[in-house]
Structure formats: structure tokens, C-alpha cells
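Please read the structure below before turning to the comments.
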2 protein chains.
Amino acid sequence: MSELRYDPIRKSWVIIAAERSLRPSDHLRSGPVHEHGPTGSCPFCPGNEKSTPPETYALRKPETLPDTPGWQIRVVPNKFPALDQSVPLQRSNNGLYDVTSGFGVHEVLVETPDADRQMDTLSLRHLGDVFIALRGRIEALKMDRRLHYIMAFKNYGREAGASLFHSHSQIIGIPVIPNLISAELASFREHFRAVKSCLMCDIISQEAADIRRIVAESKEFISFVPYSSGLPFEVRIAPKAHSHDFVSATDTVLRSFARIVRETLRRLKKVLDDPPYNFVLHTSPPAHDRAGKPGFWKSIEQDYHWYLELVPRTTMIAGFEWGTGFYINTTRPEDAAALLRSVDI
Amino acid sequence: MSELRYDPIRKSWVIIAAERSLRPSDHLRSGPVHEHGPTGSCPFCPGNEKSTPPETYALRKPETLPDTPGWQIRVVPNKFPALDQSVPLQRSNNGLYDVTSGFGVHEVLVETPDADRQMDTLSLRHLGDVFIALRGRIEALKMDRRLHYIMAFKNYGREAGASLFHSHSQIIGIPVIPNLISAELASFREHFRAVKSCLMCDIISQEAADIRRIVAESKEFISFVPYSSGLPFEVRIAPKAHSHDFVSATDTVLRSFARIVRETLRRLKKVLDDPPYNFVLHTSPPAHDRAGKPGFWKSIEQDYHWYLELVPRTTMIAGFEWGTGFYINTTRPEDAAALLRSVDI
């Protein structure tokens, strides 16, 4: 049975997901996952729908049945979930240590039936549908008042933590707020209190004026390398219009989002030779979590701003970086952005 | 020229160390570093002393000259330092972004002249001397009042970020306090204020009573898998007697420390098949940083407790872990500790 444990030193929650019996070989380094295996054994390929739990969403031809071929996008519960929505949510403590039962949601968004495509080679129409599907799942999961945060992310390539190559993203709903998200919410709130404007809106203004760190730009979005990137070629993509919640984005906005995400991915792929990468969606916690809370939560619509964090994984995260939160980046963000802008895609 | 940049969202400092001209190939994934190359080209092998900057410390035969063979332990400035002590310390800002000049210290502690040994195969006497040398360098660097934190860490193996195989640790002195260290100091302070005892002393008591997560124990030290380990087989080693500062440890204490560190490393090596690993020393910031500061700093001698964090790198840090600080660990800490205890070493 999984559980969530709280670290009183780091003040962060960890999922301890240990369903399997423990053999030493389970902990050894796994092989690379940077190519698609045989279609027959891929749980995300059409025809293998029965090898996943029943779908929670699919964009599919009208006449087709759930859990059969005919889909373009398919969302299913993770077969080996880190958390389980059927487990009762129970909090307790063990002396100094707080612990919560392994309650939560873990879904996989299969982005395409095509084993040969990845996010950067989907059509714009299809990638827009992917983000619309993602918005739908986050919106649906936000209805469960026991979930305090919905994380949406993607691992591509072994160094980025992927265990299957077929193009997919993941959605995890948890009964707590992750500590970096809490810290980020606090940064935005403090900035708003100090200067009465949104921190990301102000960053976007400065980046737009400076231009050296911009990777791509459209009417609705900006894609830029953060001034203080911890890892080389890190990119943030944010809507120019203030908005705290990805779920509130319209179809039109999400189709524009698809365009800039695809362009940014193609630039990264060209410059870094198809790098492993992760992305993480940073968006507002569910509103029910904010009801009746003091000013911090009430102001979130004004002070927070959703964005996508895109991180190529070309370097290893060294020990002191894990232990101190202090990163050394050997690529100047201005140089990374210039290279990304310079390539033909 | 390097610089330190501050991320207003994550509230963390990053070293942007970009001395080299930028070619795309510089950013590609590097090859494995898990074996020693030819002795002639290793800057840490005896006979190659001239290929490093002049040593800042060496334990060597009395009749031998600096920067010649005859040493057992040797500390040298990093040839490609992330930071430079000769750069003037200057703080400024660039609109929303704070920036500090690339002032700091970056040293390498070469632990043995022997290309065939690593920390786990040094003699106890030699490993004790390594920690005594480390204490000496931290103490010396603390004299520079511009340095607000001294980080000591080790990267072993490619996945842990190592670029040279010859056994060594690193020391980085920086003009700021890393954000996870600040957060940790705050956790200890809050705990002390609430219950008038040291958080680590209380954790040690609970671990000693529980016993399930203990890896090794001696009169002076305890080695245990943290209750809420973010990565599998993470280990913390702490002195049982309260002490906030590694520099205050006596020779006797450091020789006892060497014994439990070596035993823990040997257990990890046996169970995980010579894993890449990192360690990070968590110790008190320099005292000069605390002079005249409010209660937070005055209480540090009572409320903080130094320890070593030892992290095998058998799994990749995935994107959402980087982006949210929220980890999924597939090995129960109790199971990891039981396995580590069970092996013959």
C-alpha cells in the first residue's frame, strides 16, 4: 500500500509507492527507453486497449466503443498507480512524522495512437486536442474535493524518467500541495502585495523588452529561457494575458498554446539532438481548497499566473544540487535562447 | 564570467558558469565516467600535480615539496571553477532579477593518490584523515567573511554528475545561503521554538527506538534511511551528541565518522551493485553571518544539527519532481534499511 510521508526537515511530501515485493534487482539501473518496442507489447498502441484499465476519457470516432481502437487521444488510469482513488483518505502521525494514506489519482494521457509520433510531430489540430483533453481531465479531477493539487507532466526519454516510449503525459492528483508549488504561490502573493501586480506579468514585460531570452512569441504566448535557469535550455511558456488557471483557457487559447509548445519542442530537438525532456504544468490549486481561507488564497486569481515549465535533461542533477537546491548551469540563458531562435525548423 | 542569479519565483540562487564559447555539442549528453582513464592524463594522479592549480592543503611526507608527489591527500582549486575568489563581490539587479558577481571558492579534495581506490576502500585511518582535511578547509574558508555558506559534497559516477573518476570531493564557498539550507535552518528553528529541543536529536531518538530504518550505529553516530526518503536508499548519518557544526568535531569524532561512512558506503555498494552516489554535508553557516542578527541566528547552536546526506542515484529525477519538489519513491525506507543491514561486508 502506498502512502504519503512528510519530511519535517525539507517540509515536503513524498509518495512511498512500494507495491512490489522487494528484490535487490528492482533497484538497479534500468535500461534506456528511447525507442518504441514491438507494437504488440505496447499498452498504448491501438488493439491493446484491454491491457490498460478502462478509459476515463477518449477522443474517438463516434461509432466506436470505449476501450477499442478508433481513438485519437485516450486517458486511462495508470496500471501501476503511485496513488489510488479508492483508498480512504486518512491522515495520522507516527511520532515526529506525518503520514497520509495513499489516496490520489494517477492517470496517463496517451497523446496519439501512432507509435511513430511524438508531441513535436503531431499536427497542430491534434496537439490542440491534446491540451483540450488535458484541460478536461484537470477540470474533472478538481471536482474531487479531497484532491488539493493536480499535477500534469511529461517524461520523454530515459534520463527524463520515462518507462514507456509511446507518446504520453501523466496526471497525478494528490491530497496535499507540493512544496515547490506552495513556495511559488507564496512568491507570487508576496510580489502582488508589494507592488500590486502579477510577478509573471512583470517578468513577461521585462522579457519582452529585453528580448535576449525569448525563444518564440505569438499574440497569446511567450516562450523564454528563464533569467536564472537552473538547468541548461530550460524554457517557460506563459500566456501573455493574465490567467491563474489552465482550466480557464479557451479552446482558441489552447490551440495557440499548442502552436508555441510545438515550435519550442522542435527548436529544442534541433539544437540538442532529440534530448530527453520533461514538462510540468504550473497552475492554480482547485478553488474548493481556497474557500474560507485567509487573504493568501482569496488573492490567487489576481496574483498567480499559469505556465508550462519545459526542461531538457542534458545534464545530470548532481548531489549538491539535490541536497542544497543550488544549481550550476554552464549555459548562459541568453546563449541558449539565441541558439534556439537561430535554427530552421 | 560567472555570476549568481536569483530566481524570484523559486527564490533560489543559480550559478551561471559560462566561461567557454558556446557550441551546440557542448550541451549534448556526455559519456559515462565510471572508470579511471590512463594515469598519465588524470590531473589527480601523482606526477601530474602541475596540471592543477597550486595546492591549498596537502597531507604529505615531511620532506616533499608542494605540488610534487609524496602526498596522501591533496586539496587544489578547481581548474574550471564555477566561482572565483579573485572576482570582486558585487551585488546588483537587472529589473526584477537580482544578480551577484561570480565571487566564491571552488576547491577539489583529492582523497587518495591511488587510482584504484575509492572512498569505500580507503583504510579507516586514511578516511579519517580525509574528513580531518575537509574540516580544515571548511574552517579556513569560513575566515572569509564574504562567504555565507560552504558546501562540501561528492559526486561518484556519471549519473551522480561526476566528470572525473579519480576519488575526490568538492568544496564550494558562496556569498549566499542555498535555499534548501535556509529552509532547513528554518525547520530546525521552528521545531526548537515549539518544543525546546533539536529536531535531529528528536529524530535520532525516534529512529533509535523504532530501529526499522537504522543501517548502522556506533557509540558516536547513527546511519539511517529517512522516514520520508525522496529517492530510494537515501541515508542520513548524524552524530548522536548534539552539534550544529561539522568544524567543531574533534579528531576522535571524525575517525568514528569515517568508520560509519565507510560501513554505509560498503553496504550500499553491495546491495546496489556499485551505484553512482552523491553525498552532501549539511552543516551550520559561518558564525560571522550570524553576528548581530535576530533570534533566528542566535539560536542556531542549540537548534541545528549537522549531518551527512548520502544519496545513491539509481533512479532518474523525473520532471515533475524537479518542477514540484514532490518525489515518488518505489522503495519503502524500512525495506531499504533491512536490505542494507542484511548484507555481509
**OP:** Give me the accessible area per residue for chain B, probe 1.4 Å, as a whole number in Å².
**Re:** 38
**OP:** Averaging sequence separations of C-alpha pairs under 8 Å and six or more residues apart, then dividing by the length of segment B:200-339, give the relative contact order as a whole percent.
**Re:** 36
**OP:** Report relative contact order for chain B in percent, whole number only (criteria: Cα-Cα under 8 Å, sequence separation at least 6).
**Re:** 17
Original post:
Taking the highest mean first, how do the peptides B:78-91, A:189-202, B:248-261 order by number of other beta carbon atoms within 10 angstrom per residue?
Top reply: B:248-261, A:189-202, B:78-91
Original post:
Given a cut-off of under 8 Å on Cα pairs at least six residues apart, what relative contact order in percent is computed for segment A:103-242?
Top reply: 20
Subject >> Fraction of the pair-distance distribution of segment B:150-210 above 12 Å, Cα-Cα pairs, percent >> reply: 76
**OP:** Could you tell me the distance between the Cα centroids of segment A:144-179 and segment B:44-99, to the nearest Å?
**Re:** 42
**OP:** Could you check the simple spin-label distance between residue A:251 and residue B:241, using points 7 Å along Cα→Cβ, in nm with one decimal?
**Re:** 7.3
**OP:** Mind computing the radius of gyration and Dmax over the alpha-carbon atoms of segment A:201-254? Å is fine for both.
**Re:** 11.7, 32
Subject >> Whole-number Å³ per residue for the convex hull built on Cα positions in segment B:81-183 >> reply: 139
**OP:** May I ask you to report, in nm to one decimal and beginning with the shortest, the distances from residue B:341 to the same position in the other copies, taking label points 7 Å along Cα-to-Cβ?
**Re:** 6.0
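Quick one: plug the Kirkwood hydrodynamic radius of chain A (C-alpha pairs) into Stokes-Einstein at 20 °C, 1.002 mPa s, and report D in µm²/s.
Numbers: Rh = 21.4 Å.
The Stokes-Einstein estimate is 100 µm²/s.
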Original post:
Counting Lys +1, Arg +1, Asp -1, Glu -1, what net charge surrounds residue A:9 among other residues with beta carbon under 15 Å of its beta carbon?
Top reply: -3
Original post:
Which whole number gives the average, over all residues in B:220-232, of C-beta atoms from other chains lying within 10 Å of the residue C-beta?
Top reply: 4
Subject >> Over the protein assembly as shown: Kirkwood hydrodynamic radius from C-alpha pairwise inverse distances, Å >> reply: 26.4
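Roughly how crowded by other chains is peptide B:156-164, in terms of the mean Cβ count from those chains within 10 Å of each of its Cβ atoms?
Per-residue shielding by partner chains comes out at 3.
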Subject >> Cα-Cα over 21 Å, subset of B:11/B:142; B:11/B:79; B:154/B:270; A:11/A:142; A:154/B:154 >> reply: B:11/B:142; B:11/B:79; A:11/A:142; A:154/B:154
Subject >> Mean residue ellipticity (222 nm) of chain B, computed from DSSP H runs ≥ 4 via -39,500 (n - 2.57), nearest 500 >> reply: -8500 deg cm²/dmol
Subject >> Shortest-first nm distances, residue A:50 label point to equivalent points in other copies (7 Å, Cα→Cβ) >> reply: 7.5
Original post:
Quick one: label points 7 angstrom along Cα→Cβ at residue A:93, distances to the other copies in nm, smallest first?
Top reply: 3.8
Original post:
Local charge sum around residue A:324 (other residues, Cβ-Cβ under 12 Å, Lys/Arg +1, Asp/Glu -1)?
Top reply: -2
**OP:** Along Cα→Cβ, 7 Å out, is where each label goes; now give me the distance between the ones at residue B:79 and residue B:164 in nm to one decimal.
**Re:** 0.7
**OP:** For peptide B:310-316, compute the average count of partner chain beta-carbon atoms within 10 Å of each residue's beta-carbon.
**Re:** 5
Subject >> Axis-nearest residue of B (beta carbon) for the B-onto-A rotation, whole Å >> reply: B:317, 3
Original post:
P(r) of segment A:39-102 in 5 Å steps, Cα pairs, percent per bin?
Top reply: 3, 15, 20, 15, 11, 9, 8, 7, 6, 3, 1, 0
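The values are calculated or read from the model by the stated rules, or taken from the named source; none is laboratory data. The structure presented is a predicted model; accordingly, all values stated were derived computationally and were not measured. Ideal geometry is used to build each Cβ from the backbone, glycine not excepted, and the neighbour counts take in all protein chains shown. Accessible surface areas use protein heavy atoms only, side chains included; no ligands, DNA or RNA. Shrake-Rupley method; radii C 1.70, N 1.55, O 1.52, S 1.80 Å.
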